[in-house]
Amino acid sequence: MRHQVHLSAGLSLRPWAPSDARTVLRAFAEPLMERQADAPVATFADAERWIERRRGQWRRESAYAFAVTDAADAALGGVAVGRLDPRHGTGWISYWTTPAARGKGVATHGCRGLAQWCFTELGLFRLELGHRTDNPASCRVALAAGFATEALQRQKLAWDGVRHDVETHARLATDPQPA
């Protein structure tokens, strides 16, 4: 199984490394990102533990998280596939970028590369993702990465006492490559 994936635009995917802890800490310090983590990432030690949990998922083959890196191997964001169901050939995609990398195609290239990796390396057939409807940037990434809109899940998520609708997208191994 390939662990490094070269993308267009000088970007690559690689597993998270301990040296990425400062990037992870800065990314999850942002208010919109802090609730996206599986556990609080408020200290350098928390960021190290976040990375170690990603590495542990690789070892257990339960999920695969990649740093999206530039030509200098600096992490600009992350993409991951989890909720793997080998019987049905499905997985759930997530992605994020650092504030400095937003709007530069990092998430789109990372998501496209991860999808192709999932189809070829993991043999998955269907990939799914979801985003809050009040996050149009995430929707643009999903569409640009070839994920078709499928459904609206009304008031699926609750944060700070507010319910949020979620739009779901999917991409099949048989779908055409996005332009």
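The values are calculated or read from the model by the stated rules, or taken from the named source; none is laboratory data. Note that the structure is a prediction, hence the values are computed from the model and not measured. When we count neighbours, we look across all protein chains shown, and the Cβ atoms used for this are built from the backbone with ideal geometry, even at glycine. Quick note on the areas: whole protein, heavy atoms, side chains included, nothing else; ligands and nucleic acids left out. Shrake-Rupley method; radii C 1.70, N 1.55, O 1.52, S 1.80 Å.
Tabulated values for the structure
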| item | result |
| --- | --- |
| Estimated distance in nm for a label pair at residue 132 and residue 49, the labels positioned 7 Å out from Cα along Cα-to-Cβ | 2.4 |
| 5 Å binning of all Cα-Cα separations within the range 1-54, expressed as whole percents from 0 upward | 4, 19, 25, 19, 16, 13, 4, 0 |
| Compactness of the range 88-150, expressed as Rg and Dmax over alpha-carbon positions, Å | 11.8, 37 |
| Convex hull per residue volume in Å³, alpha carbons only, for the range 37-95 | 97 |
| Accessible area of the chain belonging to carbon and sulfur atoms, whole % at 1.4 Å probe | 53 |
| Cα centroid separation, the range 93-113 to the range 11-42 (Å) | 13 |
| Computed [θ] at 222 nm, helices only, for the chain once each DSSP H run of length n ≥ 4 contributes -39500 (n - 2.57) | -9500 deg cm²/dmol |
| Stretchable slack from residue 8 to residue 153, in nm (0.36 nm times residue separation minus alpha-carbon distance) | 48.9 nm |
| Cβ-derived FRET efficiency at R0 35 Å, residue 144 paired with residue 19, nearest 0.05 | 0.75 |
